[in-house]
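Student: Sharing a structure with you now.
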Amino acid sequence: MSQNEQRPGVTDAIRARWSALAPREQLMVAIALWTVSLGLIWALGLSPAWKALREAPAKHEKLDGQLSRMQALAAQAKAIEQERSGSAPDRNTTTRLLQDSVQGLGSGAQLSLSGSQAVIRMEGVAPQVLAPAWTSGAGWRVWCRQALTSGGKGLAGAGP
């Protein structure tokens, strides 16, 4: 059973109302319906797609930057893992890792090595740079801590 058969009075009432309108009024109603329809098509269909196409190059560039950063971090992790070979790192390796980490923070961070101690001074280092660089490095921190507490082989007392 179709909707027209279920509600014959509704369609008949709409047709009767349409027939009662003057031709000029019918034209204005038709134009209004077309305007509303085109507005809905634009708002619900075309505008979001247009916006996505406009923003795609910037998002793509941002994601490429993130990908290259992730690949660099993966290469660094692989190099650390290969150097590690199951034993605690020596002083030179630990020092190089600390220096690489501090250089990644920018010119506001300085590493001072004095005997078996390492001091890192930071001035003007943005939290956005500091947080990912140091809080996400839990794996190498544990590895460095092993070196730092390994009986004078590493930099004792410089653990995170």
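Student: Given the residues L97, L113, L53, which is the only one that is in a helix (DSSP H, G or I), surrounded by 10 or more Cβ atoms within 10 Å (Cβ to Cβ) and aliphatic (A, V, I, L, M)?
Tutor: Checking each option against the conditions leaves just L97.
Student: Which residue out of S68, S85, S107 is of a type in the set (S, T, N, Q) and at pLDDT below 80?
Tutor: S85
Student: Could I ask something else about it? Among the residues in the range 60-71, are any surrounded by 11 or more Cβ atoms within 10 Å (Cβ to Cβ), assigned to a loop (DSSP other than H, G, I, E, B) and within 21 Å of the chain's Cα centre (by Cα)?
Tutor: No; the residues of the range 60-71 include none that is surrounded by 11 or more Cβ atoms within 10 Å (Cβ to Cβ), assigned to a loop (DSSP other than H, G, I, E, B) and within 21 Å of the chain's Cα centre (by Cα).
Student: I would also like to ask the following. Quick check on this structure: which one of A30, A79 is within 30 Å of R121 (Cα to Cα), surrounded by 11 or more Cβ atoms within 10 Å (Cβ to Cβ) and of a type in the set (G, A, S)?
Tutor: Residue meeting the stated conditions: A79.
The values are calculated or read from the model by the stated rules, or taken from the named source; none is laboratory data. Computed from a predicted structure; not experimentally measured. Virtual Cβ from ideal backbone geometry, glycine too; neighbours counted across all protein chains shown.
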